[in-house]
Amino acid sequence: MERQSTVTLKFLAEPSDVNLYGNVHGGSVMKWIDQAGYACSVGWCGKFCVTVFVSGIRFYRPIHIGHLVEVTGRLIYTGRTSMHITVEVKAADPRDGQYTRTTQCIVVFVAIDADGKPVEVPAWEPKTDEEKSMRDYAVRLMELRKGIEAQVGPLGTE
Ligand SMILES: CC(C)(COP(=O)(O)OP(=O)(O)OC[C@H]1O[C@@H](n2cnc3c(N)ncnc32)[C@H](O)[C@@H]1OP(=O)(O)O)[C@@H](O)C(=O)NCCC(=O)NCCS
């Protein structure tokens, strides 16, 4: 079976996604990001997955209601039970179909068993130079996160 390491969702931004300024609500974009990350991680490992971490979400441009939206999840690193995925959101006026990047972030999903415990995922090996550079990026981010937590401690208390 060929495993899928990328997934693209395509749809129209609907009036129910509107914010106070007439564009798409940030919460709708975050939901689409989570959905693309979920489809990408489950497609890769063939198991149920949950979001464990979302990092570096950047909203570059607003998305207009009625515009075409493409949300692409791309696997860039696998650990023992986790999958790191870049999600890029693009939007276009359907009259010209010219897509521009609106949002980007990295999400981490973990595969779980029926009891909600993390389970191993198949390893993903980068092949192209671009994939290797994205894998290195994910590793650098992980190291930076550990460094930040070591410096400032965990956020909040359990
Ligand atoms: C995800 C979950 C099952 C992990 O359970 P856990 O006992 O913390 O598991 P572990 O500590 O063994 O970590 C599991 C993996 O998550 C990764 N992980 C944990 N915290 C992380 C973080 N802050 N950033 C990135 N990865 C993280 C670990 O590195 C590990 O990956 P690896 O096996 O590839 O090395 C558990 O935290 C959970 O159920 N969280 C809620 C998930 C959820 O409901 N999400 C929906 C959003 S509301």
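Coordinate-derived values only; no laboratory data. Please read all numbers here as calculations on a predicted model, not as lab measurements. Please note: Cβ atoms are built from the backbone with ideal geometry, for glycine as well, and neighbour counts cover all protein chains shown.
Calculate the dipole size of the chain relative to its Cα centre from +1 charges on Lys and Arg beta carbons and -1 charges on Asp and Glu beta carbons; express the result in debye to the nearest 20.
Working: 18 positive and 19 negative charges, 37 e Å.
For the chain, the charge dipole is close to 180 debye.
Between Arg145 and Arg61, what length comes free when the chain is fully extended (0.36 nm per residue of separation minus the Cα-Cα distance, one decimal in nm)? Present the calculation step by step, with values, prior to reporting the outcome.
Values: separation 84, 0.36 × 84 = 30.24 nm, distance 2.66 nm.
Once the chain is fully extended between Arg145 and Arg61, it gains 27.6 nm.
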Completion exercise
Expected vector for region 15-24, Karplus 3J(HN,Hα) from phi with 6.51, -1.76, 1.60 and θ = phi - 60°, integer Hz, x for Gly and Pro, equals x, 5, 8, 6, 9, 5, 9, x, 9, 6
Exercise for the section: Output the pairs from Lys10/Lys31; Lys90/Lys146; Lys10/Lys90 with a Cα-Cα distance over 19 Å in this structure; if there are none, say none. Expected result: Lys90/Lys146
Exercise for the section: State log₁₀ I(q)/I(0) for region 6-123 at q = 0.16, 0.18, 0.23 Å⁻¹ as given by the Debye formula over alpha-carbon point scatterers of equal weight, solvent excluded. Expected result: -0.71, -0.85, -1.17
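Contact order normalised by length for region 6-123, with contacts defined as Cα pairs under 8 Å and 6 or more residues apart; what percent is it?
Normalised by residue count, the contact order of region 6-123 is 30 percent.
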Practice task
Using a Gaussian network model of the chain whose springs link C-alpha atoms within less than 10 Å, name the residue from Glu88, Glu131, Glu70 with the highest mean-square fluctuation.
Solution key: Glu131
Exercise for the section: Please list the non-local residues whose amide H lies under 5 Å from the amide H of Phe48, H modeled 1.01 Å from N, same-chain partners needing a gap of 5 or more. Expected result: Ile112
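Using the Cα centre as the reference, give the magnitude of the dipole from point charges on the C-beta atoms of region 73-158 (Lys, Arg: +1; Asp, Glu: -1; all else neutral), rounded to the nearest 20 debye.
Around 140 debye, computed over region 73-158.
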